[in-house]
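**Q** Got a structure here, written out as structure tokens. Questions coming.
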Amino acid sequence: MKRRSFLKVVSATGMMIAINPSMINQVLRADDGRLYKSYARVQLLNAEGTPMTEQMLETSENYVFNYPYEGTTTLLINLPNESAKDVSLKDEFGEAYLWKGGVGSRRTIVAYSGICPHQLTHINKKDSFITYRKKGERFEGHVVCDGHTSVYDPEHGCKVMKGKAPQPMASIVLEVGDDNTLYAVGVLGPDKYHEFFKSFRRELKEQFGSKRNAKKEVVSTAVAMRLSAYTQEVIQL
Amino acid sequence: MSLTRRELLKFSSIAAVALAATGCSLTEPTSENPESMGSVGMGTPAELAETDAPKVVIVGGGWSGLSIAKYTKKFAPNAEVILVEQRTEFMSCPLSNLWVVDAIKLEFLMHDYLQASRENNYTFFNATVVGVDKTQKIISTSDGDIAYDYLVLAPGIDYDYSEWTSDPVLERRLRTEYPAGFKPGSEHISLRNKVLDFEEGNFILTVPSGNYRCLPAPYERACLIADYFKKEGIEGKVILLDENPNITIKQDGFRSAFEKLYGDYIEYLPGSKIINFDLDNKKVETEFGEIIEFADAAFYPKVRGSKLLEIAGVAKDSRFNKMEADINVFTYEVNGYPEIYCTGDARPMGFSKSGNTANTEGVYVAKQIAAKINGKKEMPAWESPLTICFSAVAMEPILAISINAGYAYDEKQKAFGFTDVYANEKWDGRVGKNNGKGLMEWAKGMYRDMFNA
Ligand SMILES: Cc1cc2nc3c(=O)[nH]c(=O)nc-3n(C[C@H](O)[C@H](O)[C@H](O)COP(=O)(O)OP(=O)(O)OC[C@H]3O[C@@H](n4cnc5c(N)ncnc54)[C@H](O)[C@@H]3O)c2cc1C
Ligand code: FES
């Protein structure tokens, strides 16, 4: 898939946002910027610094990269099955938006914000209670946040399957470039970045030196590494 | 003099001062208005800004009230939401057993009502509610009267000592000398000091019958106090007198912890109801005629709905406990007063009286109230509360067990039962350690939900 041309629009708040024209339709409120926001087009690298291609992603493995901010994590998964197309999802206020599906030759590559929309449990350097569950694990094939057992379906835009999360996990929109390498370009769905930065000032200071460092937007490249390498402890209950 | 609700709503704070000077009562009972009986308010309006917005008053800033205040404001932003709470700061019951044995800091349990109200755009009103006039729709507090359009009573539990004694002197002694430690604050501080200062002998804990607050907490407490004795080399033993025939929840996990970790430190006596207290000689007698001596104790009696429910005239005995809320079990509306809701541990349903239950139920009740305020024709469909309950069985490192469950209504039994239960009762090895970490993460999320935006 080629990089799409982006249409610049001015949101209600005056903020300049880039909208992928193919996403504009009656369900995605594209002119407001709340349910889709573009960030820098960032190329994903593997742990050795090589631009990431589909082939480098082991199926069902949990990968993490920092995006769209230095202090926010994104979960990257190469699913065993093809993802669904054009899934209509709703945020907690009933606002609808459209998830277009995964990328890659089999549309299996998906990425979601590592912050749980329930009560903000998140993947961080110390521990992760959020994982994609492999075959044989409890809730296999799902993304689970063990903060309070919210279960999401990554083949359908991480819609909520179980638990009390009020809305899906925000998804990170990916593209495959001309050279077959992966890019992150924006965030679709109700993200929790504002609440996250407000709630975790002390943790961010500890892990990133300051909240300001953690809040810097990622530009150009981001390293996608295995979750077990990113975080000291992967916890599944 | 008796003011109407409309008149009360019109009062400014200047009027409040003037009224205070004349000593008028807003809720004086009249023969035409028997519903106002029991209202013994200040007789002056509380000093609150006057607005035309629909007013939702929530009494009780515990797990239930805090969740309802936040989410009502979120789902009905045009409402004026006022949380009335008698305490000045929040202290968490969940995880308090770990603090009692010095395994976590007090800071972890303490939270700031002002932050919760700032972040979530509602008013925190620090006062005790002493009366409810259901006809005029006014509550009386220790700091003035407040009119409401919707009222939520979420005052939690009170203790019911009646099966142990009818002697008020003995009851007072039990409350003061051997507090149960199932309401936050001084009871927990007393208990902690008792444990940390304990020298030797028997330390009695009891488990009541009925649907008492937090089913696993007495067993968790027994494990942690035993662990503390073990760690500190204290020649002490926890005697756990359980009125129930067996451990009421997470049986496998607790039983194996008692046996494998605390064989010499816990004596578990099921089916043991105390029938006699001899506090001067520090002895109790059980139904079986056993006399047990103790060096110290925390006697947990049965629970009942908070006395506020009785004051408000909305209390009724439930299948489990005395004087719980008289409500529609699906909508939480008080029977006969659909603008009043009762929630949290004061509810009569057999749900587990736990924080997670109160929080998830609170979100649902907030949706109900918001739907009315927003003029929705259809009320939100019933949602089951979710009980997620971790219990620590050891403290260094924290090892825990857990249970998750929802509820389903059984038409035949006319009662709710557990559904979709998942129990994780292995406390040893990596599983137990992960559960311990899960317990901390669970609590952090809950506190964030109640106190942050
Ligand atoms: C030791 C212990 C361990 C526990 N462990 C867990 C656990 O691990 N997990 C879990 O989920 N649950 C646990 N619980 C249970 C949990 O604490 C309760 O279920 C929960 O607090 C119930 O919430 P509530 O809002 O109904 O009542 P509460 O939290 O008790 O809140 C009621 C509030 O109302 C206020 N109030 C009462 N009357 C008035 C009045 N007249 N005017 C103004 N304010 C008033 C009180 O001051 C109080 O703040 C535990 C409880 C204990 C005691
Ligand atoms: S924070 Fe993820 S389930 Fe609660």
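The values are calculated or read from the model by the stated rules, or taken from the named source; none is laboratory data. This structure is a prediction, so every number in the text was calculated from the model and none was measured. As a convention, Cβ positions derive from the backbone with ideal geometry for all residues, glycine included, and neighbour counts pool all protein chains shown. Just so you know, the surface numbers come from the protein's heavy atoms only, side chains and all, with ligands and any DNA or RNA stripped out. Shrake-Rupley method; radii C 1.70, N 1.55, O 1.52, S 1.80 Å.
**Q** Counting residues that are among the charged types (D, E, K, R) and within 16 Å of ligand 1 (Cβ to nearest atom), which strands (runs of 3 or more DSSP E) fully inside the stretch B:273-315 reach at least 2?
**A** B:302-305
**Q** B:Trp99 versus (1) open to solvent by 10 Å² or more (accessible area, probe 1.4 Å); (2) more than 30 Å from B:Phe229 (Cα to Cα); (3) among the aromatic types (Phe, Trp, Tyr); (4) more than 16 Å from ligand 2 (Cβ to nearest atom): which is the lone unmet condition?
**A** B:Trp99 satisfies every listed condition except (2).
**Q** Please verify whether B:Pro155 is within 16 Å of ligand 2 (Cβ to nearest atom) and within 18 Å of B:Gly362 (Cβ to Cβ), treating the condition exactly as stated.
**A** Answer is no for this residue.
**Q** Taking the stretch B:280-304 as the region of interest, how many residues are farther than 15 Å from B:Ala180 by Cα, among the aliphatic types (A, V, I, L, M) and open to solvent by less than 70 Å² (accessible area, probe 1.4 Å)?
**A** Count: 3.
Quick grid of which residues meet (1) within 13 Å of chain A (Cβ to nearest Cβ); (2) within 14 Å of ligand 1 (Cβ to nearest atom):
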position: B:Ile369; (1), (2): no, no
position: B:Lys377; (1), (2): no, no
position: B:Gln413; (1), (2): no, no
position: B:Phe416; (1), (2): no, no
position: B:Ala423; (1), (2): yes, no
position: B:Gly429; (1), (2): no, no
position: B:Met440; (1), (2): yes, yes
position: B:Ala453; (1), (2): yes, no
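**Q** Would the stretch B:172-189 turn up any residue that is more than 16 Å from ligand 2 (Cβ to nearest atom), among the small types (Gly, Ala, Ser) and assigned to a helix (DSSP H, G or I)?
**A** Yes, the conditions are met somewhere in the stretch B:172-189.
**Q** Moving to a separate point now. Among the residues of the stretch B:414-436, are any closer than 26 Å to B:Gly344 by Cβ, of a type in the set (Gly, Ala, Ser) and out of contact with any Ser or Thr (no Cβ under 8 Å at 6 or more places or on another chain)?
**A** yes
**Q** Determine which single condition B:Ser318 fails, assuming it passes every other condition in (1) in a loop (DSSP other than H, G, I, E, B); (2) in the same structural domain as B:Gly432 (by TED's automatic domain parsing); (3) of a type in the set (Ser, Thr, Tyr).
**A** (2)
**Q** Given the structure, is B:Phe258 over 25 Å from the mean Cα position of the chain (by Cα), surrounded by 22 or more Cβ atoms within 10 Å (Cβ to Cβ) and in contact (Cβ under 8 Å) with a residue 12 or more places away in the chain?
**A** Criteria met by B:Phe258.
**Q** Right, another one. Find the strands (runs of 3 or more DSSP E) located wholly in the stretch B:338-441 whose residues include 1 or more that are open to solvent by 60 Å² or more (accessible area, probe 1.4 Å), and list them.
**A** B:398-410, B:415-424
**Q** Of A:Arg41, A:Arg106, which residue is in a strand (DSSP E or B), more than 16 Å from ligand 2 (Cβ to nearest atom) and charged (D, E, K, R)?
**A** Of the residues listed, the single one that is in a strand (DSSP E or B), more than 16 Å from ligand 2 (Cβ to nearest atom) and charged (D, E, K, R) is A:Arg41.
**Q** Of everything in the stretch A:162-181 that's in a strand (DSSP E or B) and either within 13 Å of chain B (Cβ to nearest Cβ) or not charged (D, E, K, R) (or both), which residue is farthest from ligand 2 (Cβ to nearest atom)?
**A** A:Thr181
**Q** Considering the stretch A:132-145 alone, what residues qualify as being surrounded by fewer than 21 Cβ atoms within 10 Å (Cβ to Cβ) and within 11 Å of another protein chain (Cβ to nearest Cβ)?
**A** Across the stretch A:132-145, the qualifying residues are A:Arg138, A:Phe139.
**Q** Still on this structure, please answer the following. Would you call B:Val334 crowded, with 20+ Cβ neighbours inside 10 Å and among the hydrophobic types (A, V, I, L, M, F, W, C)?
**A** Yes, satisfied.
**Q** Something else now. Would you pick out the residues in the stretch A:110-131 that are crowded, with 22+ Cβ neighbours inside 10 Å and either part of a loop (DSSP other than H, G, I, E, B) or away from ligand 2 (no atom under 14 Å from the Cβ) (or both)?
**A** Scanning the stretch A:110-131 gives A:Val110, A:Ala111, A:Gly114, A:Cys116, A:Pro117, A:His118, A:Gln119, A:Thr121, A:Ile123, A:Asn124, A:Phe129.
**Q** Okay, moving on. Just the residues that are under 26 Å from B:Asn356 (Cα atoms), in a strand (DSSP E or B) and hydrophobic (A, V, I, L, M, F, W, C), please, taken from the stretch B:211-247.
**A** Hit for the stretch B:211-247 is B:Leu240, nothing else.
**Q** Moving on to the next point. Give the residue, chosen from A:Tyr97, A:Tyr112, that is modelled with pLDDT under 95 and away from chain B (no Cβ under 12 Å).
**A** A:Tyr97
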